[in-house]
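So the structure is just underneath, and the comments pick up after that.
The values are calculated or read from the model by the stated rules, or taken from the named source; none is laboratory data. What you see is a predicted model, and the numbers here were worked out from it, not measured in a lab. Please note: Cβ atoms are built from the backbone with ideal geometry, for glycine as well, and neighbour counts cover all protein chains shown. Just the protein is used for accessible areas: all its heavy atoms, side chains included, with ligands, DNA and RNA removed. Shrake-Rupley method; radii C 1.70, N 1.55, O 1.52, S 1.80 Å.
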Amino acid sequence: MKITVNGTPTEVRAETLAGALDELGYGGAKIASAVNESFVPATARENTALSPGDRIEIVAPRQGG
Amino acid sequence: MQVYGKQITSRLMLGTAQYPSPSVLARAFQRSGAGVATVSVRREAGADRAGTAFWDLVRDLDVTLLPNTAGCHSVREAVTTAHMARELFDTPWIKLEVIGHADTLQPDPFGLVEAARILTEDGFQVFPYTTEDVVLADRLLSVGCEVLMPWGAPIGTGLGLTNVYGLRTIRAQFPDVPMVIDAGLGLPSQAAMAMEMGFDAVLLNTAVAKAGDPAAMAEAFARAVEAGRLAREADPMEPRDMAAPSTPVIGKAFLT
């Protein structure tokens, strides 16, 4: 299905957030995620189903002031 | 200084952005003795693992992390970002920024209070980046904030304390609330002035990161913060308009 990942249109086969993160190369990475602007805790990724058009944000620790 | 039940050893808080290299950042933190480091969350590309590398760097600094919601312009955006930061950095602390004006980066006071209320109810310990407005300060305290972070000047300007009257007023109105001057400082003398005025700590980033020698500037700020705090505790003299001789007049030789 076609979704948007960090603002970029992306095609994924996975049907859950956890599956999509693995498929996109985030397995084991220190990240946090949101789907359609709502935070999804790491513990809920397995049970978060994706639908075509969903918008996923994936963030990681970064420099800040 | 104690905030949300946690003792903070240094009254200098330092940001982690804009340094020329990770090693310069690490050296600046070493020489600053800062006990708190501000950090952020940003988009991660799948393969580059930049987040993991940065996480390893800040973990080695051995400081308390204060994640921020920098760049957020709405309540929802700030709340979602705070949740992601809490999961990533494993801390209830959040430096709450809800920006209301693009040019000055002035906080949106209405959104700030609403976001602070939501986050406090959800167990966050909120450090609100605010203006020196006493009414806004009162609202932030009423929704559960236990610390206030009034700006000295707009972020990144280095202008120092642009509204001394307002800052004195907010300090005097809430004498028991920990307050950190956050943003706008450019020189150590401005940090010393903030501490002399009775603020509990200062938080800065650009003034150190963009200095020609960030490590030296970090140490300069650390010394200024210590000097300002010591002066405050030493109970400074009251200024007066007319001169007063410091040398005793009594016993002066009568010479004409």
Carbon/sulfur fraction of accessible area - chain A, other protein chains in place, 1.4 Å, %: 48 percent
Sequence-distant residues sharing a close amide H with B:Thr69 (under 5 Å, placed H): B:Lys95, B:Glu97
Cα pair distances in the protein assembly as shown, grouped into 20 Å bins until the bin that holds the longest one, percent each: 31, 50, 15, 3, 1, 0
Segment B:65-118 and segment A:1-63: distance between their alpha carbon centers, rounded to Å: 22 Å
Quarter of the Cα convex hull surface for segment B:1-55, i.e. its orientation-mean projected area (nm²): 4.9 nm²
Alpha-carbon Debye profile of segment B:183-256, log10 I(q)/I(0) at 0.24 Å⁻¹: -1.02
Charge tally in the Cβ shell below 14 Å around B:Met149, where Lys, Arg are +1 and Asp, Glu are -1, B:Met149 excluded: -3
GNM result for chain B, Cα springs below 10 Å: residue of B:Gly51, B:Gly15, B:Gly152 fluctuating most strongly: B:Gly51
Column: log10 I(q)/I(0), Debye, Cα scatterers of segment B:98-232, q = 0.11, 0.15, 0.16, 0.21 Å⁻¹: -0.38, -0.70, -0.79, -1.22
Cut-off under 5 Å, modelled amide H: who pairs with B:Met149 long-range: B:Thr130, B:Val180
Helix B:50-61 vs. chain B, principal-axis angle (Cα, 0 to 90°, nearest 10): 40 degrees
Trypsin sites (Lys or Arg not before Pro) within segment B:118-223, DSSP loop, no more than 16 other Cβ atoms inside 10 Å: B:Lys210
Hull shadow area, averaged, segment B:1-152 [alpha-carbon convex hull, nm²]: 9.4 nm²
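So what is the accessible area of segment B:45-178 per residue, in Å², with the probe set to 1.4 Å?
Accessible area per residue, segment B:45-178: 43 Å².
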HN-Hα J in Hz across segment A:7-15 - Karplus 6.51, -1.76, 1.60, θ = phi - 60°, x for Gly and Pro: x, 10, x, 9, 9, 10, 8, 4, 10
Whole-Å semi-axes of the ellipsoid equivalent to segment B:191-232 (Cα gyration tensor, √5λ, descending): 20, 10, 6
Kirkwood hydrodynamic radius of chain A, from inverse mean 1/r over distinct Cα pairs, in Å: 11.9 Å
Difference of contour (0.36 nm per residue) and Cα-Cα distance, B:Lys210 to B:Asp56: 53.2 nm
For segment B:62-71, Karplus couplings with θ = phi - 60° (6.51, -1.76, 1.60), whole Hz, Gly/Pro x: 6, 10, 6, 8, 10, x, 10, 10, 4, x
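Can you give me the relative contact order of segment B:127-256 as a percent, contacts being Cα pairs under 8 Å and 6 or more apart?
Working: 182 pairs, mean separation 25.3, N = 130.
It comes to 19 percent, rounded to a whole number.
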Estimated Rh, chain B: Kirkwood, alpha-carbon pairs, angstrom: 19.2 Å
Distance from segment B:222-238 to segment B:185-204 (C-alpha centre basis), Å: 10 Å
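So how much accessible surface do A and B hide from each other in total, probe 1.4 Å, in square angstrom to the nearest 100?
Using a 1.4 Å probe, the pair buries roughly 2400 Å².
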Phi-based couplings in Hz for segment B:21-38 (Karplus 6.51, -1.76, 1.60; Gly and Pro marked x): 7, x, 5, 5, 4, 4, 5, 4, 5, 4, 6, 7, x, 4, x, 10, 10, 8
